[in-house]
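Okay, structure first, notes after.
The values are calculated or read from the model by the stated rules, or taken from the named source; none is laboratory data. Because the structure is a prediction, the values reported are computed rather than measured. Here the Cβ is made from the backbone with ideal geometry for all residues, glycine too, and neighbour counts use every protein chain on show.
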Amino acid sequence: MTRLLFNFLIYPGFLFTACFGLVASWIDRKVTARIQWRVGPPWYQPLIDLVKLSIKEITVPRSASKGLFFLSPLIGLSAVTLVSMLVWLVNIDPVSKGFSGDIIVIMYLLTLPAIAVILGASASGNPLASLGASREIKMVMAYELPFIISLIVPVIKSGGLLKLSEIISYQAVNGSFIASLSGIIAFIIMIFCMQAKLGLVPFDASEAETEIIAGTCIEYSGMLLAILKLTKTMLMVALPLFLITLFWQGFTFLSLWKYVILLVIIILIRNTNPRVRIDHAVRFFWGKMTLLSIIAVLLAIKGM
Amino acid sequence: MAHKIIPIGPYHPLQDEPEFFKLHVDGETVVDIDIEIGYNHRLIEKIAESKSFDQVTFLVERICGICSTSHPFAYVNAIDDLLGVKSPERALYIRTVIGELERVHSHLLWLGLAGHFLGYNTVWMWAWRYREPVLDIFEKVAGNRQNYAMMKPGGVRRDMFEEDFPWIKKTLKDLIPKVDMFKGAVMDDPVIHARTEGVGVLTKEDVRQYCVVGPTARASGVGIDIRKDDPYAAYDKVEWKVITQEGGDVYSKAVVRILELYESINIILQCLDKMPKGPIDSGIKDIPPGEGIGRHEAPRGEVVHYIMADGGNSPARHKIRAPSYMNVASNKKAVIGESISDATIILAAVDPCYCCTERMAVVDYKTGKKLMDGQDLVRLSQEKTRKIAEKRIRS
């Protein structure tokens with residue numbers, strides 16, 4: 001029990017992933033700044049941003065439904081913490097091997113941050129926030145379909161394994177899935193879905209600062225806003241690691257370059273694209289991406 | 001079903017200017033828009049009546065930060081018109097160079113902002129970076145990055161030095177490949193196409209009905225350009241063409257502005273080559289009674305200044321019409337029926353400059369009843385003009 005609590009709260013759960021995520025988000029900000037001919041912040045900037053936010057007053061709008069308004073950021077944070085703990089554990093801790101069906105659990109948990117954002121935005125009673133929430137709902141419906149279909153690919157390729165640690169060991173024997181055609185297609189689709197799940201440009205319509213003024217988190221301030229930001233930051237660690245685990249033989253601390261590559265891809269996509277409109281995003285995910293993911297599944301069944 | 005109201009303003013989240021657009025939305029679709037401006041009325045026209053003719057150039061320069069030479073340019077044109085004499089040849093060329101340099105920096109600024117509105121922050125930062133050399137030229141020529149204070153009734157305040165010309169030419173020629181890059185980035189990017197093509201269309205008919213001016217009109221295929229239609233300064237002495245596009249959408253507006261960058265650079269290079277030697281100031285001493293109208297094609301469209309002098313030291317009446325005053329109203333046509341995501345870029349596509357545009361209405365704050373609206377104020381203003389005219393005739 002204490003071991004599980006330690007895993008959840010400190011290593012490799014909350015604290016470790018948060019620190020890791022802060023570094024990652026510093027890399028994101030620094031590289032973005034360099035691409036845009038700016039200097040960029042010092043390495044501790046994401047941390048002091050969080051500290052600053054958490055010592056500020058929390059303003060609750062009069063029209064808000066208070067319980068949900070306070071609760072939803074915590075729901076998102078705990079879901080992400082759980083995901084990151086599971087993903088880290090199956091990769092670095094040989095004792096804990098996860099459990100059968102943890103892929104499905106992670107799949108559900110990864111939807112929770114978005115749902116928490118929707119709940120919180122709707123609870124705040126702000127018209128712009130509810131607009132952001134409606135966009136987020138459309139977004140979730142759009143990207144979950146190709147995400148789940150592509151998730152089936154490694155399961156099929158490993159012969160029906162639903163346990164992350166077994167998928168890793170299967171890849172260790174038979175080579176990573178991205179070396180195969182169906183694997184690489186599914187992997188690329190997953191990268192786009194990841195960008196949408198992270199709410200980064202080009203799929204940041206729900207938070208579009210320039211259209212609806214940060215939309216879903218417009219009414220959040222102080223500690224709650226810090227939690228929302230931290231959730232995004234930790235998601236930026238958990239999601240790429242989940243992808244690496246599924247498709248790329250997993251990772252150890254020595255093979256963290258895989259994570260860096262994915263991070264750079266995320267940063268490049270976000271800096272070389274304008275924001276797409278929500279209907280374009282839905283068309284993109286339900287059209288091309290779903291079609292491609294079905295093709296990937298068929299190829300995987302064919303054994304390619 | 002009652003429509004929800006999405007506010008943009010009273011302080012714009014991005015353009016940092018006071019304005020208020022009330023978007024009435026049904027789901028994601030905009031069904032109506034209330035345009036409310038007038039948060040920042042500064043009584044410029046009234047203040048002008050208490051300044052000397054020389055000081056007014058500095059005053060009108062401060063109407064707008066971005067196109068800070070457009071208003072002085074139109075003002076000195078009005079003075080030239082009032083006096084009925086042309087300023088010295090060299091001064092005309094220098095005015096043209098300054099006016100076009102301003103167009104270059106203003107269009108680059110808009111391009112960056114448009115990128116930011118679309119969530120394309122890289123374009124934003126890059127456009128503003130490549131705008132820096134233009135501001136460097138301004139600093140070299142006028143000593144200031146903004147508010148250059150180059151215009152003066154009857155000439156220009158400061159000369160340009162021939163030894164600077166090679167450097168200015170090189171800086172501008174270096175800018176051309178950068179503009180090529182932006183042209184490519186806008187014209188070849190599929191996402192930008194999807195976001196801007198067919199969005200916020202203003203037809204030729206709309207342009208005529210709303211009296212839209214500048215690049216906004218030219219993007220709808222209406223080739224109005226004061227520089228061509230009513231040449232002033234040195235615009236009739238250099239070769240250039242009016243850029244028009246037929247689409248009328250946000251994409252066409254962006255293309256018009258990008259292509260105008262080439263024309264502006266071209267005009268500046270020609271002016272630098274052809275600039276004659278000679279005086280830069282005709283040394284006006286007195287302004288005789290009379291009226292003058294000055295127009296200038298600002299980066300956003302036609303600026304009109306009307307000056308009435310009564311023989312005194314300062315204008316008896318100074319009337320200003322900024323281009324955004326015409327353009328902002330056309331949003332009513334362009335934005336209805338589009339989605340909220342497109343609303344901000346459509347509202348920004350006319351390159352609005354609210355601070356130029358502020359007009360006043362007198363409202364009783366207890367009842368909220370409008371005591372005087374724009375038309376009443378116009379009537380008051382016209383009455384005053386008539387009174388002054390009568391007084392002048394009598395004396």
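Observations, loosely collected:
- The stretch B:260-281, residues that are part of a helix (DSSP H, G or I) and touching a residue at least 40 places away in the same chain (Cβ under 8 Å): B:GLU260, B:LEU261, B:TYR262, B:SER264, B:ILE265, B:ILE267, B:ILE268, B:LEU269, B:CYS271, B:LEU272, B:LYS274
- When A:GLN171 is tested against (1) away from chain B (no Cβ under 12 Å); (2) over 21 Å from the mean Cα position of the chain (by Cα); (3) within 21 Å of A:ASN273 (Cβ to Cβ), exactly one condition is not met: (3).
- Some residue of the stretch A:1-22 being within 14 Å of chain B (Cβ to nearest Cβ), among the hydroxyl-bearing types (Ser, Thr, Tyr) and more than 13 Å from A:MET85 (Cα to Cα): no
- Residue under evaluation B:SER252, criteria (1) over 30 Å from A:SER206 (Cα atoms); (2) at pLDDT 85 or above; (3) buried (at least 19 other Cβ atoms within 10 Å of the Cβ), criterion not met: (1)
- The stretch A:34-52, residues that are assigned to a helix (DSSP H, G or I) and more than 22 Å from the chain's Cα centre (by Cα): A:ARG34, A:ILE35, A:ILE48, A:VAL51, A:LYS52
- Enumerated helices (runs of 4 or more DSSP H) restricted to the stretch B:1-111, each holding at least 3 residues that are away from every other protein chain (no Cβ under 14 Å) and closer than 23 Å to B:LYS237 by Cα: B:70-83
- Screening B:THR196 on (1) within 14 Å of chain A (Cβ to nearest Cβ); (2) polar (S, T, N, Q); (3) more than 30 Å from B:ILE63 (Cβ to Cβ) shows it passes everything except condition (3).
- With respect to the conditions (1) of a type outside the set (Gly, Ala, Ser); (2) touching a residue at least 12 places away in the same chain (Cβ under 8 Å); (3) within 15 Å of A:GLY222 (Cα to Cα), A:TRP43 falls short on a single one, namely (3).
- Failed criterion for B:ASP164 (all others in (1) in a helix (DSSP H, G or I); (2) surrounded by 15 or more Cβ atoms within 10 Å (Cβ to Cβ) hold): (2)
Per-residue answers, yes or no, for (1) closer than 13 Å to B:TYR148 by Cα; (2) over 12 Å from the mean Cα position of the chain (by Cα); (3) surrounded by fewer than 24 Cβ atoms within 10 Å (Cβ to Cβ):
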position	(1), (2), (3)
B:CYS67	yes, no, no
B:ALA74	no, no, no
B:ALA78	no, yes, no
B:ALA91	no, yes, no
B:ILE98	yes, yes, no
B:ALA114	no, yes, no
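- With respect to the stated conditions, B:THR216 fails to be of a type in the set (Ser, Thr, Tyr), assigned to a helix (DSSP H, G or I), more than 14 Å from chain A (Cβ to nearest Cβ) and surrounded by fewer than 20 Cβ atoms within 10 Å (Cβ to Cβ).
- Among the residues making up the stretch A:245-304, those that are part of a helix (DSSP H, G or I), within 14 Å of chain B (Cβ to nearest Cβ) and of a type in the set (A, V, I, L, M, F, W, C) are A:ILE267, A:LEU268, A:ILE269, A:ILE278, A:ALA281, A:VAL282, A:PHE284.
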